[in-house]
Structure formats: structure tokens, C-alpha cells
Amino acid sequence: MSDPKVGFVTMAGPKAEGTAPTVGVGMLGYAFMGKAHSNALKKLPYMMYPPPAIPRLVAIAGRNQDAVQEAARRYGYEKAYTDWRQMMDDPDVQVFVNNGPNNVHLEPNVAAAKAGKHIMSEKPLGRTAAECKEMWDAVVKAGVKHQVAFNYRFVPAVRLVRQLIEQGKLGRIYHFRATYLQEWIADPDFPMVWRLDQSVAGSGTIGDLGSHIIDLARYLVGEPKSVMARTETFIPERKNAEGKVEKVTVDDAFQAIIEYEGGAVGTLEASRFCPGRKNFNTFEINAEHGSIRFNLEAINELEVFWKHGAVDKDTMGFTKVLVSESYHPWWGNWWPQGHFIGWEHTFVHEWDHFLRAVVKGDPVTPHGPDFEDGYKNAVICDAIVASAQSRRQVDIKY
């Protein structure tokens, strides 16, 4: 049973005895990401057991009164606000989750920091590196915990790759190439939406999809040294919901050649103009002792090749590894081997990580991306744009 006055829930069972603190959560945005984060927050207490904390869904905010009230009923939030500023004044909200469009990251995140609230912010952290730096400065000054929701760091297979790198099993890394391909705006009749407006989104495919693989590259390989890039906008105009033609002001696709400080080279590519590709997020690492491939659409698998690991030279090649054993990252909290988990579970993992930081004082980094990571990600995004515009190599400078 719980007592809201003291904010603790009694936990009893063979693996957990004592208390887990409740943490009040206030969320801005109730659509796609609002659903994903709310699902994770509700699932966390009984799956990440014993939990670091019990999320209390205090409030959700959005502009449309009917829609936000319906979201509050659907997801189980106690209150609904049509002005996020009122939520900042709510003393029951200890953690702020920002799922708003990219142009609604800066002001609410800075306000939340000043109000002493810990912050989980969707990616990209801001429209530009300058915006991200302002948010990073604000959370450091306020002394609150902060994390950017680059959820693919919390895929068990991705964390396993990081462990293999840390253990030196791959040796020196030569190549990192990643692609993130979708199809959802390839139809020229697809209407104008906010993600195609630079004033709202900041960039197109670069910030939407590219920021994910940029983050994975930094997490797995290290800091980039320079970039050469090309961007393209295939359909320069689209009709809005009222039928009025508007100019598309962001990139539809980009390709970049990256030089890394550790000596590796690689490519990054993202596009939303790839018919048949639903959520094709892949990377391959080629290294001294072997190679590893990952494909998000086969989220529980890795393809691994070890140069000196083949028993029979006639059957040398990539081996498919199922990342679902109890000793693999996070799997002790889920199902028996081979009973797979999915995309939504990455949000459970990232919330478990963040709440441990909030409640126990654990560091967010290196495994969780904080606002410094969000800033550095944006510097790279800006450099890709600058390189494409100038048709020159651009050095990465933080």
C-alpha cells in the first residue's frame, strides 16, 4: 500500500523487501512518444524488479484540452494541463518528460531545470547546438539529473556490443557504418507536417533519424573528428492540411563520411524516402578481430564474425547470435531465452536507468546519454548541414 504523504510504496517478496520511493512524473506531449514513455513507466515497477522507484503519473500536458484530458484518462495521469508552465509549478512533479516538437524543448527544459525538476527529454535535444548548450548549462547550474531519450542505447544487443568493445574483444576498430531508413514521406502527396518545417524541427532526417545513429557511433566508437556530407530535399513543396502549398525547408536524406579520433572511418546515412523500409536502423563494425552487424528490425539478434573463431574453414562466415540469454543485458528481468522482447522495452530500460540516477544518485553517463551528449550530437548534426552547404570537410569542434 502507498502513502502519498511520505511518497513510499512497500515492496514485499522473495527478492525485494523494504521500500521503493515514489517519483512524481509530469509529461509534456501525449502522442507517439507520450504513449511509449507512459507504457514504460507503468510497466517498470513489476518488470524491473525490484524497481529503483515507483513512477507516479502525476500530470500530462498538451495544447488541446479534450485530447490531453483523454490522454490523462487513457494512461492514468492524475491531472491534465493545457499550459506546461502550470505543470512546472506543480510540487508533485519531480521528473519532467519532454515529448514536445523540437521547438518546444528549449523553454520547458530550462524552466524545469530552474524549478529543480529532473528531466528526460526526447531527441534531438534541440534544433541547434546553441539551443542544446543553453539547456545543458541550465541543468548543470540547477544540479538536476538529465537524460536524452536515445533509446537505442538500451537495446540488449547494442549494450552487448558495447561490452565486447570495452573488453577489447574486437580490438582496434577500423570501420563504423550505419544507416537509418524509413519510407513514410516518400509519397509526394504526403501532407506538410511539422517535421518538414525547419523553424519547428530544426532539421529533417538529420535530427529525426540521423541523431540516433550519430549517438550510437559516439557510444560505440567514440568522438568524430571531421565530416563530409551531402543532403537532399527530393520534394521541395507539399500541401498542408488546408490544401495550401508550403515550402519544405529541411533535408529529406543525408549521407556523411566520418573520421573518428581513434582512427576509425565510417559512413552515416539516413533517409525517409526508402520504399519498403519501415524502421531499418542498422550498423556494422569492422575491427581487428572480427565484425559485428546489428539490425533494429531483428532487435534480438546480432551477426558476428570472429577472424580466428571458425571451427571449419568451409563454413566460415557470420554467425547469428540470439541476444536473449539470462546473462545478457536486462534479460534477467524478462522471459526465458528465445522469448523475445521488442522496441517498446528499450523505454523500460532507459527509465530504469534514469530513475536509478534520480533516486540513488547513480551517474547517467556513460551508458545513458545526458544533455552534454545531446549537445555534442547537435554539434555533429550542425556540422553535417554545414558540410553539405559548403561542399567541404568540416572539423567537429565542441
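The values are calculated or read from the model by the stated rules, or taken from the named source; none is laboratory data. This structure is a prediction, so every number in the text was calculated from the model and none was measured. Neighbour counts run over all protein chains shown; Cβ positions are idealised from the backbone, glycine included.
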Does Ser291 qualify as being among the small types (Gly, Ala, Ser) and farther than 30 Å from Asp352 by Cβ? yes
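When you scan segment 327-342, how many residues do you find that are in contact (Cβ under 8 Å) with a residue 12 or more places away in the chain, out of contact with any His (no Cβ under 7 Å at 6 or more places or on another chain) and either part of a loop (DSSP other than H, G, I, E, B) or surrounded by fewer than 15 Cβ atoms within 10 Å (Cβ to Cβ) (or both)?
Start the filter on segment 327-342 by keeping residues that are in contact (Cβ under 8 Å) with a residue 12 or more places away in the chain, which leaves 328-331, 333-334, 337-342.
Those still in the list that are out of contact with any His (no Cβ under 7 Å at 6 or more places or on another chain) too: 328-329, 331, 333-334, 337-342.
Still in the list and also either part of a loop (DSSP other than H, G, I, E, B) or surrounded by fewer than 15 Cβ atoms within 10 Å (Cβ to Cβ) (or both): 328-329, 334, 337-342.
So the answer is 9.
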With respect to Lys313, is the statement that it is more than 23 Å from Gln167 (Cβ to Cβ), surrounded by fewer than 14 Cβ atoms within 10 Å (Cβ to Cβ) and out of contact with any Phe, Trp or Tyr (no Cβ under 6 Å at 6 or more places or on another chain) true? yes
Being touching a Lys or Arg at 6+ places or on another chain (Cβ under 6 Å), polar (S, T, N, Q) and in the same structural domain as Val144 (by TED's automatic domain parsing) is true for just one of Asn102, Asn39, Asn109. Which residue is that? Asn102
For segment 61-75, state whether one or more residues are surrounded by 23 or more Cβ atoms within 10 Å (Cβ to Cβ) and hydroxyl-bearing (Ser, Thr, Tyr). no
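Hey, can you tell me all the residues within segment 267-287 that are part of a loop (DSSP other than H, G, I, E, B) and surrounded by 22 or more Cβ atoms within 10 Å (Cβ to Cβ)?
If the condition is that a residue be part of a loop (DSSP other than H, G, I, E, B) and surrounded by 22 or more Cβ atoms within 10 Å (Cβ to Cβ), then Arg272 is the only one that fits.
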Taking the conditions exactly as written (farther than 14 Å from Ile213 by Cβ, assigned to a strand (DSSP E or B) and of a type in the set (A, V, I, L, M, F, W, C)), does Leu302 satisfy them or not? yes
Kindly indicate whether Ala386 is surrounded by fewer than 16 Cβ atoms within 10 Å (Cβ to Cβ) and of a type in the set (A, V, I, L, M, F, W, C). yes
Scan Val139, Val104 and give me the residue that is modelled with pLDDT of 95 or more, β-branched (Val, Ile, Thr) and touching a Gly at 6+ places or on another chain (Cβ under 9 Å). Val104
For segment 29-47, how many residues meet the condition of being within 22 Å of the chain's Cα centre (by Cα) and either buried (at least 22 other Cβ atoms within 10 Å of the Cβ) or of a type in the set (Phe, Trp, Tyr) (or both)? 9
Checked segment 230-261 for anything farther than 20 Å from Leu196 by Cα and surrounded by 14 or more Cβ atoms within 10 Å (Cβ to Cβ); matches are Ala256, Ile257, Ile258, Glu259, Tyr260
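Restricting attention to segment 44-55, which residues are without any contact (Cβ under 8 Å) to a residue 60 or more places away in the chain and either within 10 Å of Val25 (Cβ to Cβ) or not in a loop (DSSP other than H, G, I, E, B) (or both)? Write out each step before concluding.
First, the residues of segment 44-55 that are without any contact (Cβ under 8 Å) to a residue 60 or more places away in the chain: 45-46, 50, 54.
Correct list: Pro45, Tyr46, Ile54.
Looking at segment 56-99, which of its residues are of a type in the set (S, T, N, Q) and not in a strand (DSSP E or B)? Can you show your working first?
Within segment 56-99, the subset of a type in the set (S, T, N, Q) is 64-65, 69, 82, 86, 94, 98-99.
Asn64, Gln65, Gln69, Thr82, Gln86, Gln94, Asn99, listed by residue number.
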Is there any pair with a first residue in segment 304-321 that is within 16 Å of Asn286 (Cβ to Cβ) and a second that is at pLDDT 95 or above and aliphatic (A, V, I, L, M) whose Cβ atoms are under 6 Å apart and which are 6 or more apart or on different chains, and what are they? Val304/Ile292; Val304/Val321; Thr319/Val304
Quick test for you: out of Gln198, Gln163, Gln167, pick the one residue that is farther than 26 Å from Phe354 by Cβ and either among the aliphatic types (A, V, I, L, M) or in the same structural domain as Leu302 (by TED's automatic domain parsing) (or both). Gln198
Considering only segment 249-266, state which residues are in a loop (DSSP other than H, G, I, E, B), of a type outside the set (Ser, Thr, Tyr) and either without any contact (Cβ under 8 Å) to a residue 24 or more places away in the chain or farther than 16 Å from Trp184 by Cβ (or both). Glu261, Gly262, Gly263, Ala264
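Considering only segment 117-217, give the helices (runs of 4 or more DSSP H) lying wholly within it that have at least 3 residues that are out of contact with any helix residue (DSSP H, G or I) (no Cβ under 6 Å at 6 or more places or on another chain).
Numbers: elements: 129-142, 156-166, 198-201.
Qualifying helices (runs of 4 or more DSSP H): 129-142, 156-166.
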Pairing a residue in segment 273-286 that is free of Cβ contacts under 8 Å to residues at least 60 places away in the same chain with any residue that is part of a strand (DSSP E or B), where Cβ atoms lie under 8 Å and the two sit 6 or more apart in sequence or on different chains, gives none
